[in-house]
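So the structure is just underneath, and the comments pick up after that.
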Amino acid sequence: MELKEIIRCLQNMRETSVIAPIPFRGEGDCQQLIEEINTLIMEEERKAKMVHQLISSGMWTMHFNHQGEITKVVWSQEFRFMLGYENRMDFPDRLDSWTELLHPEDRESTLEAYWHAVKCGGKYDVIYRLKTRYQGYRWFHAIGETLRWEKGNPRLFTGVFIDITREKEQKENIQARLEMQEQLNEMSHELEMNNEILNALCEDYNSIYIVNLDTGKYDIYRMTDTLPKTVSEISFTNQIYDVAISQYIERWVSENDAGFVRYMTERKRLKRLVRETGRVSFRYCIKERADRQRHFEFCFCDISKTLDETVVVMGARNIDALMDEKEDSRRETLEQVQETLAGSQTGLWSLRWEEGKAPVMHGDRTLHKLMGIPEEELSFNCFRDWVSGIDEKYRGEVMEVLKRSIANGFQEIVYPCSYGKKEQMYFRLGVSSKKNFPGSGYRLSGYWQDVTDTVKDKQDREELLKEALQEAQQANKVKTEFLSHMSHDIRTPINGILGLLTIAENEEEDISRQKECRRKIRQSAEHLLSLVNDVLDLSRLESGKQTRVEETFDIHEVLDHCMSILLPQAQLQQIKIQDRREEIGYARLRGCPLQLRQILINIIGNAIKYNKECGSVQILTKETQGCENTVWLEFEIKDTGIGMKEEFQKHIFEAFTQETQGARTSYAGTGLGMAITKKLVDQMGGTIRLSSQIGEGSCFFVRLPFEINRQENKESVEEGQSFDVAGMHVLLAEDNELNREIAQYVLEEGKVEVTCAANGAEALEIFEKSEPGEMDCIIMDVMMPVMDGLQAAKEIRKLSREDAKTIPMIALSANAFEEDRKKTREAGMNQHVSKPLDANQLFAILTQYKKQK
Amino acid sequence: MNLAECYGEMGADYQGTMQRLCSEKLIERIVLKFLEDPSFGQLQEGLEMHNHQQAFQAAHTLKGISQNLGFTKLGEASAELTDSLRKALDSTAYVQFEQVKTEYTTAIRTIEKYRAGK
């Protein structure tokens, strides 16, 4: 046989996996070789089978033609066995034998992979489930490869299936176990948290038990270390509820509460109650302990799961802190109430009143305080104390009020009373009765409040109102009187005027008569005018509308002014006026000079008017120091007049009062002068009084305060300079144009009229030609040509005109030595001013000379 | 340049002058007029012509004006010269005149500068 044939046979064997002997027609060596090859092949095949068996795998092979169509499918026997089939009969060598067995969930992906591998190439590595004959679905891992024709179409698709069901299951088991482990961890963590929360919540509780109320048995859930040993002993030794509870109550619960606790913890009752309400708790006190623990609380909570048995959680805890809090807050509230009541002077009381028995009254602390009873003597029954203080006239009424409250509910009454040494007080009593009072008699309760202030206030206000009313009525009366007086006083001169007019009309031809009438009419009209003015003055003063203008003034000036007004009148009546001014420390004052003048003229005027013929008026002005910046000016005006009756003196300052006899003028003034004077003096904060003797004369004393004007000096200096020179006419002699211009400008700035001369001769000429008094002052430079200043001054002084001697002459000189000054003085000049020119200095000097004018 | 600066530049006393004369307007007017003042010219002429009287009067006038206007340096120089001339017209006067001239020239130049700057 040729080698080609051998190879073909071998190929065939491989393809069909049928081992067939190779027909041998060759030489001996070749045959031996072939035998060996056969053996090898069979060996390999056995090995392969073993491997497959070992790893539960099978094989497949698919053959394709050039067109890519399947020509043959070979499933390995092992594969068949794996699937539970025996031979080609029940599992044919067809593709669909396999595809039919694919698990629906895996079919699509597997087939896709298959086609992909076959058509396009690439690795075939898939995992899928196949339905086995007897074992249901099993997992298979298939790995295969495609051999291709030259053109790329598949030629052979072959591979291995491995049953990986066991591995898969194992993996799934592990996975499941891991998940479970995680869940367990979570649960455990949750449990731990719950446990912690529970622990925190029941920290309070000394001990917690789980009690089965049916069986009466209990388990200890928790017990703190702080529990006294005896308690824990009870709990441990007895696992029976009834016994343990009984022992506990006996050992620990206070006598007062023992019965109560026994009742509350009785098993049957507890079971019923806990079923109904879910939770039962109550408080009790324990017997005295060294550590002062006192208040405790038992708590039972239903945790039954079924209706058959009742299981509760029982806990016990100390509630001292809670109780203290409650106690504290209660005390606080009480204190607050007490404080409020005490602050408002209100006391609370309650009264028990039974027929035939004396009433019993309890009062609180404030009540006793109001009655003036010291705390130590707080009496049990203060009824008598209370009643004794009530003003007698009101006692009956107060009792009536109490009685009325029984029937009609809340009543109130204010009544006067006095307790202890206290003066009269007023209390307001409020009372109400308690309805449905168990027992006989009545229970009244209420309050007292000290309303003395309120009542007194009201009384005061009423007084004030009454007074105000009276004042108003009085004022009205005065006004009416005033009006009637005034009307009379106005009518008189008017009638006079009308009378005189009639006379004038009737005697038209009598010229002297006409003149006489006119004079008298004028007199009357003037009098009427002054009357109206005075009335206005007075009314303005009274209404307070007079606006006071404060200004600085000189007391001497004011007095001088007054004198100048009054002297003519005095002279007419040949009355001598003596004007003495003593101790006037501060002449410049601040106040109302106008009003001062008015006062002085009024008084002095009267002194003159009501004087004897050739009498005298002595005026004395004195200044005394007041406090701080004030002085008092005291005026004493004494006259040798007719004097005044004492009766009249009392009314002298009222309007329209006059003692008409002896007044030296035909009309005795308006009668308002003194009223106005008094009002002015009052307004200025001063005083006025008088003394008088009939036939001898009167003396008025006026005292008025004024502020010292300290600004005086500064003011006058500042004021003097620029403006006092205004209107002066100055003759200026200066040869130098520049200097002259400077002087002229400066002077003209001060509103001084300037006439210029270029030298002394010109100055002399101008002055000679001027009117007397035309020039106020001559300013001359000393050094001038033609005639210097000194010479010119001498010549001017020589002139015969009246102002030649008096006209002020100022020398302007660069030299300021004593000698030069002497020269200027000798020349007849008044002032020596040195150069260079100073405007302020010049004005200061000029001002002097203006004043003297 | 303002008036105060002009004064400053020629060593004159602006503040003092303002205090005395109170009006800047006046000062400016006179300062500008100073340019036309004949006193210095008369002084110079007087000295050149040996006219004692003229020189003295002119010096005196110049002193007066300078002092009035607060031209300190010129004023002082003029004052010195005036005192000398009061006694005699001699070499001292001529020497002192040179100082007056310097100060006067400075003053004039400064005032002209001020005028130009207005």
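Quick note: the coordinates plus some simple rules give every number you see, no bench work behind them. All values reported here derive from a predicted model rather than from experimental measurement. With ideal geometry, Cβ positions are generated from the backbone for all residues, glycine too; neighbour counts draw on all protein chains shown.
For the reader, a short list of remarks on this structure follows.
- More than 18 angstrom apart: percent of Cα pairs within the stretch A:205-323: 48 percent
- Take every Cα pair under 8 Å whose residues are at least 6 apart in sequence, average their separation, divide by the length of chain A, and the relative contact order is 4 percent.
- Spin-label proximity, A:E145 to the stretch A:92-120 - amide N less than 17 Å from point 7 Å beyond Cα toward beta carbon: A:117-120
- A:A475 paired with A:K822, simple spin-label distance in nm, labels 7 Å along Cα-to-beta-carbon: 7.9 nm
- Whole-Å distance, taken between Cα centres, linking the stretch B:61-85 and the stretch A:736-809: 25 Å
- Difference of contour (0.36 nm per residue) and Cα-Cα distance, A:N38 to A:C627: 196.4 nm
- Here's the picture: a label point sits 7 Å out from the Cα of A:T71 along the beta-carbon direction, and within the stretch A:139-180 the residues with their amide nitrogen under 20 Å of it are A:145-159.
- At an R0 of 41 angstrom, the distance between the Cβ atoms of A:K794 and A:C614 translates into a FRET efficiency of 0.15.
- Reciprocal of mean inverse Cα separation for the protein assembly as shown (Kirkwood radius, Å): 48.9 Å
- The angle between the Cα long axis of helix A:267-277 and the longest principal axis of the Cα atoms of chain A comes to about 70 degrees, rounded to the nearest 10.
- Rounded tilt (10° steps) of A:789-798 against the dominant C-alpha axis of chain A: 40 degrees
- Over the stretch A:316-377, relative contact order from alpha-carbon pairs under 8 Å, at least 6 apart, %: 23 percent
- Relative to the longest principal axis of the Cα atoms of chain A, the long axis of helix A:452-506 lies at roughly 40 degrees.
- Entries in A:K287/A:K326; A:K850/B:K73; A:K369/A:K393 that, when Cα-Cα distance is taken, lie over 27 Å: A:K850/B:K73
- Taking other C-beta atoms within 10 angstrom as a stand-in for reagent exposure, A:H556, A:H527 fall in the order A:H556, A:H527, fewest first.
- Test item: B:56-69 mean partner chain Cβ contacts at 10 Å: 4
- Counted by Cβ distance under 13 Å from B:Q54, the other residues give a net charge of -2, where Lys and Arg count +1 and Asp and Glu count -1.
- Size descriptor, Kirkwood hydrodynamic radius, that averages inverse alpha-carbon separations across the stretch A:501-620, Å: 17.5 Å
- Considering only beta bridges that DSSP places wholly inside the protein assembly as shown, some 85 percent are antiparallel.
- In this calculation the C-beta distance from A:R330 to A:Q183 is compared with R0 = 56 Å, giving a FRET efficiency of 0.55.
- The stretch A:328-450 shape via C-alpha gyration tensor axes, a/c threshold 1.5: oblate
- Here r is the Cβ-Cβ distance between B:D83 and B:R115 and R0 is 30 Å; the resulting FRET efficiency, rounded to 0.05, is 0.40.
- Per-residue [θ]222 nm for chain A (sum of -39500 (n - 2.57) over DSSP H runs n ≥ 4, rounded to 500): -16000 deg cm²/dmol
- Bridging of A:K268 to lysines at a Cα separation below 18 Å is possible for A:K217, once same-chain residues fewer than 8 apart are set aside.
- A:F81, A:F700 arranged by Cβ crowding within 10 Å, fewest neighbours leading: A:F81, A:F700
- Spacing of the modelled spin labels on B:Q19 and A:K119, each 7 Å from Cα toward Cβ, amounts to 12.1 nm.
- Average Cα contact separation per residue, the stretch A:108-158, under 8 Å, 6 or more apart, as relative contact order %: 29 percent
- Extending 7 Å from Cα along the Cβ direction at A:S17 and again at A:A321 yields two label points whose distance is 8.5 nm.
- The alpha carbon centroids of the stretch A:271-301 and the stretch A:40-64 are separated by 85 Å.
- The slack between A:E105 and A:Q135, meaning 0.36 nm per residue of separation minus the straight C-alpha distance, is 9.0 nm.
- Of A:L270, A:L469, the sequence from fewest to most neighbouring Cβ atoms within 10 angstrom is A:L469, A:L270.
- Calculated [θ] (222 nm, deg cm²/dmol) that DSSP helices of n ≥ 4 give over chain B, each run adding -39,500 (n - 2.57): -26500 deg cm²/dmol
- Take each residue in A:831-844, count the other chain C-beta atoms within 10 Å of its C-beta, and the mean is 3.
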